[in-house]
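Since the structure comes first, as structure tokens, the remarks are kept for the end.
The values are calculated or read from the model by the stated rules, or taken from the named source; none is laboratory data. Every value quoted in this text rests on a predicted model; they were computed, and no experiment measured them. Quick reminder, even Gly has a Cβ in these numbers, built from the backbone with ideal geometry, and neighbours come from all protein chains shown. Protein only, heavy atoms only, side chains kept; ligands, DNA and RNA dropped before computing areas. Shrake-Rupley method; radii C 1.70, N 1.55, O 1.52, S 1.80 Å.
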Amino acid sequence: MFDRSRPIIVPVGGFLGAGKTRLILSAAQMLTKNGIRVGIVTNDQGEEMVDTEWARSLGLATAEVSGGCVCCNFSEMIAALDGLLSDEPAVIFVEPVGSCTDISATVLQPLKSLYAERFQLAPYTVLVDPARARELSGMRADEQMKYLFTQQLLEADLICRTKADLGGPAPALQGYRNLRSLSAKTEEGVGAWLSEVVGGSMEAGSRLLEDVDYARYAAAEAALGWLNWRMVVKLDEALSPPALAGPLFDGIRGGLTGQNIAILHLKITDRCEAGFLEAGVCRNSDAPEVSGDLTASPAKEHEITVNLRAKADPQQLSTVLAEVCERLPGEVRFTRQDCFQPGAPKPEHRYRQVVTTGS
């Protein structure tokens, strides 16, 4: 059983668009309503994260690790965790980058070995978007993305099928243990999942990948285009966040589809003095999931952040974004325009054996 003297780190992984942030925010709000203090560590290959803005917009204590996965920036992750301790959280959620794997050997085992006196560790949950699972198990699956996806599943302590509210056939995940289903949108299964991971009955970091081909891993990540843009838009006439962000979102998605670029994850936030809006999709044909204030009043100045992950050359992504932003009805000032391919993973630690309690 967990004790109350040290915060519990709850790691939540899964492929791009699996629903990690939505589950974490749903669970965090559930805990907060019950008087339990919560912290969140977001993580990305780049700067300017939609996830960080979204979590902070809900009043949740949030730190971020940017510029690479928590495996390669382990020291920065520890600093981020320590920075949250002043709020005395009982639970801290950590969300690794969605393209990363080998988390057990490079993050979970070092936490158990080096920081057991400071933190407790919950089982590693890996989330699975059923539609993505069906796509990556089919005859036409992209082999590089399938490799990342499969490696993530193999090291999970617990696997959760997400988006249960959407229905549809469950993906075939034969051979994997500890399978659950939940929906962050309806909160179906979220409470039960929380009870399981913080209950202390399941071993954390119980599995290691037997043999990770880091050259293949690096090549799969390098096949991705990664775009993080932030801009300030000063409009000629005031618009609400949905009225501005909606057409922008549709324009980006349409431009990518027109170039035959497959979206793996597209997220946008719009913040103005009247409110905050977040929208995201995991593939070109999806209806966007929207959170925030849909009734916010019109405003003339908006701060917009775009995070895009796609199987494409980064320059293609920049070109599409630039063309769409040129059509915005006002003056656009970019404060960040990052677009790149992730570098090869170089973890700070890599354990070859599972660290057991007391070792």
(message) Just to check I understand the Karplus step: with θ = phi - 60° and J = 6.51 cos²θ - 1.76 cosθ + 1.60, what whole-Hz values come out for the stretch 245-251, glycine and proline as x?
(response) 5, x, x, 4, 4, 5, x
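Charges at C-beta only: +1 for Lys and Arg, -1 for Asp and Glu. How large is the resulting dipole of the stretch 228-359 about its Cα centre, in Debye rounded to 20?
Working: 15 positive and 17 negative charges, 157 e Å.
Dipole size: approximately 760 debye.
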(request) Could you check which residue among Thr150, Thr106, Thr42 shows the biggest mean-square fluctuation in a GNM of the chain with a 10 Å Cα cutoff? (result) Thr150
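Let me check I've understood the local charge: for Pro288, count other residues with C-beta under 14 angstrom from its C-beta, Lys and Arg +1, Asp and Glu -1. What total comes out?
On the way: positive: Arg22, Lys163, Lys185, Arg253, Lys267, Arg283; negative: Asp250, Asp270, Glu278, Asp286, Glu289.
Summing Lys and Arg as +1 and Asp and Glu as -1 gives +1.
Could you tell me what percent of the accessible area of the chain is made up of carbon and sulfur, with a 1.4 Å probe and every protein chain present?
On the way: 7100 of 15120 Å².
Percent of accessible area from carbon and sulfur atoms in the chain: 47.
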(request) Could you tell me whether the stretch 45-126 comes out rounded, prolate or oblate from its Cα gyration tensor? Rule is a ≥ b ≥ c as square roots of the eigenvalues, rounded for a/c under 1.5, then prolate if a/b exceeds b/c, otherwise oblate. (result) oblate
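Taking loop as defined by DSSP and a crowding limit of 14 other beta carbons within 10 Å, which trypsin sites (Lys or Arg not before Pro) in the stretch 1-96 fit?
The qualifying sites are Arg4.
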(request) Take the chain, connect every pair of alpha-carbon atoms lying under 10 Å apart with a spring to form a Gaussian network, then pick out the residue of Leu256, Leu23, Leu328 with the largest mean-square fluctuation. (result) Leu328
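If Lys and Arg each add +1 and Asp and Glu each add -1, what is the summed charge of the other residues whose beta carbon sits under 15 Å from the beta carbon of Leu85?
Numbers: positive: Arg4, Arg6, Arg37, Arg118; negative: Asp82, Asp87, Glu88, Glu117.
Overall, the nearby charge balance is 0.
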(message) Using only the alpha-carbon atoms, how far is helix 143-154 inclined from the longest principal axis of the chain? Give it as 0 to 90 degrees, nearest 10.
(response) 40
(request) Identify all lysines with a Cα-Cα distance to Lys346 below 25 Å; exclude those on the same chain that are fewer than 8 residues away in sequence. (result) Lys20, Lys112, Lys146, Lys311
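Summing +1 for each Lys or Arg and -1 for each Asp or Glu, what net charge is found among the other residues whose Cβ lies under 15 Å from the Cβ of Val306? Before the final figure, lay out each step's value.
Numbers: positive: Arg230, Arg253, Lys267, Arg271, Arg309, Arg327, Arg333, Arg336; negative: Asp44, Glu47, Glu48, Asp51, Glu53, Asp250, Asp270, Glu278, Glu303, Glu323, Glu326, Asp338.
Spelling it out: positives minus negatives among the neighbours equals -4.
GluC sites (Glu not before Pro) within the stretch 136-234: which are DSSP loop residues with at most 11 other Cβ atoms inside 10 Å?
Numbers: sites: Glu143, Glu155, Glu187, Glu188, Glu196, Glu203, Glu210, Glu221; in loops: Glu155, Glu187, Glu188, Glu203, Glu210.
In loop regions of the stretch 136-234 (DSSP not H, G, I, E or B), the sparsely surrounded GluC sites (Glu not before Pro) are Glu210.
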(request) About the Cα centre of the stretch 170-264, how large is the charge dipole given +1 on each Lys and Arg Cβ and -1 on each Asp and Glu Cβ? Please answer in debye to the nearest 20. (result) 80
(message) Nearest 10 degrees is fine. How inclined is helix 20-33 to the longest principal axis of the chain, computing both from alpha carbons?
(response) 70
(request) Relative to the longest principal axis of the C-alpha atoms of the chain, give the angle of the C-alpha long axis of helix 314-326, reported between 0 and 90° and rounded to the nearest 10°. (result) 40
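Would you calculate a helix-derived [θ] at 222 nm for the chain, using -39,500 (n - 2.57) for each DSSP H run of n ≥ 4 and dividing by the full residue count, to the nearest 500? List each step's numbers first, then the result.
On the way: 10 runs with 107 residues, N = 359.
Estimated from H runs of four or more residues: -9000 deg cm²/dmol.
Roughly how many Å² is the accessible area per residue of the chain, as a whole number, for a 1.4 Å probe? Working shown, then result.
Working: 15120 Å² over 359 residues.
Dividing the accessible area of the chain by its residue count gives 42 Å².
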(request) Show the residues, 5+ positions off or on another chain, whose built amide H is closer than 5 Å to the amide H of Arg180. (result) Ile159, Cys160, Arg161
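Write out the GluC sites (Glu not before Pro) in the stretch 50-141 meeting two conditions: DSSP loop, and at most 15 other Cβ atoms within 10 Å of their Cβ.
Here the GluC sites (Glu not before Pro) that fit, given the DSSP loop and packing criteria, are Glu117.
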(request) Could you check which residue among Met202, Met49, Met139 shows the biggest mean-square fluctuation in a GNM of the chain with a 10 Å Cα cutoff? (result) Met139
(request) Taking the dipole about the Cα centre of the chain, with the C-beta of Lys and Arg at +1 and of Asp and Glu at -1, give me whichever of Gly205, Ala223, Ile24 is farthest to the positive side. (result) Gly205
